[in-house]
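Engineer: Structure in structure tokens, see below.
Throughout, read-outs are computed from the coordinates displayed, never taken from laboratory work. Keep in mind that this is a model prediction, so the values were computed, not measured. When we count neighbours, we look across all protein chains shown, and the Cβ atoms used for this are built from the backbone with ideal geometry, even at glycine.
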Amino acid sequence: MTVAYLGLGANLGDARQTLKDAVVCLAQQHTIAVLAKSSLYRTAPIDAGGDDYFNCVVKIDTTLTPHRLLALCQQIEHHFGRERPYRNAPRTLDIDILLFDEQSIEEPDLIVPHPRLTERAFVLVPLLEIDAALTIPQQGRADTFLAHVADQRIEKMKSPCQCPMLNALSANDAGEPADAANGASAKGRCS
Ligand code: AMP
């Protein structure tokens, strides 16, 4: 089993709900155990137009290889209607592999640690919410990069998630009372 971190983002459609549903979808995979989930954050688009994004990070334990995990993430993106009309286009769902164990991978289709991990508040802030002392292979402590992204707008949402299963996983305990019906509907959306 291997610990990995995934970054999720969306800014098309019901982006908040999509992120919640996508995390449930990941948790339903028999090859993945979701160990922790950050709060949801509303963030300004960077190098892109369109509406604000919603973002979160999940920490997982997986039996998949990095490439199989990438394929699964792309499959889930596709399931939620992801299209790629042009680079940095608004998206219903984006899932990036941020870290995979201590591995450094440099292949044409997969770069880990994710190359923009330390340049994006929407990744660093939720990542550090889950693991405040996290280190990035060959780059050192993740929190040392926070100063570089201090000018990027990011707002933590009050209620991380209405799903009881995911609230149990959430690194943040400021959640509102669980809503079983909402959690059930989210589960129903992942096939
Ligand atoms: P995006 O537009 O962010 O969905 O970019 C997806 C492309 O980035 C795909 O072609 C992936 O093969 C490639 N890619 C490279 N490294 C990563 C990574 N760490 N996580 C996800 N996609 C990656």
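Engineer: Go through region 116-144 and report how many residues are at negative phi and over 15 Å from the mean Cα position of the chain (by Cα). Working first, answer last.
Structural biologist: Initially, region 116-144 is screened for residues at negative phi, giving 116-137, 139, 141-144.
Checking the rest, the ones that are also over 15 Å from the mean Cα position of the chain (by Cα) come to 119, 132-137, 139, 141-144.
Count: 12.
Engineer: Is one or more of the residues making up region 17-25 more than 23 Å from ALA121 (Cα to Cα), within 11 Å of the ligand (Cβ to nearest atom) and surrounded by 14 or more Cβ atoms within 10 Å (Cβ to Cβ)?
Structural biologist: no
Engineer: Taking the conditions exactly as written (touching a Cys at 6+ places or on another chain (Cβ under 9 Å) and crowded, with 23+ Cβ neighbours inside 10 Å), does LEU69 satisfy them or not?
Structural biologist: no
Engineer: OK, next. How many of the residues making up region 39-56 are within 13 Å of the ligand (Cβ to nearest atom) and crowded, with 19+ Cβ neighbours inside 10 Å?
Structural biologist: Residues in region 39-56 being within 13 Å of the ligand (Cβ to nearest atom) and crowded, with 19+ Cβ neighbours inside 10 Å: 2 in total.
Engineer: Let me ask something else about it. Can you spot a residue in region 128-141 that is within 23 Å of LYS20 (Cβ to Cβ) and within 15 Å of the ligand (Cβ to nearest atom)?
Structural biologist: no
Engineer: Considering only strands (runs of 3 or more DSSP E) fully contained in region 26-140, which possess at least 2 residues that are closer than 27 Å to MET157 by Cα and hydrophobic (A, V, I, L, M, F, W, C)?
Structural biologist: Per the criteria, 32-37, 53-62, 94-100.
Engineer: Say whether the condition of being closer than 21 Å to LEU35 by Cβ and out of contact with any strand residue (DSSP E or B) (no Cβ under 7 Å at 6 or more places or on another chain) is met by at least one residue in region 116-127. First the steps, then the outcome.
Structural biologist: Let us first name the residues in region 116-127 that are closer than 21 Å to LEU35 by Cβ, namely 117, 122-127.
Imposing the further condition that a residue be out of contact with any strand residue (DSSP E or B) (no Cβ under 7 Å at 6 or more places or on another chain) reduces the set to 124.
The answer is yes, given that some residue of region 116-127 is closer than 21 Å to LEU35 by Cβ and out of contact with any strand residue (DSSP E or B) (no Cβ under 7 Å at 6 or more places or on another chain).
Engineer: Filter region 99-119 for residues that are touching a residue at least 60 places away in the same chain (Cβ under 8 Å) and either near the ligand (Cβ under 7 Å from one of its atoms) or over 25 Å from PHE54 (Cβ atoms) (or both) and give the result.
Structural biologist: Answer for region 99-119, where residues must be touching a residue at least 60 places away in the same chain (Cβ under 8 Å) and either near the ligand (Cβ under 7 Å from one of its atoms) or over 25 Å from PHE54 (Cβ atoms) (or both): ASP101, HIS114.
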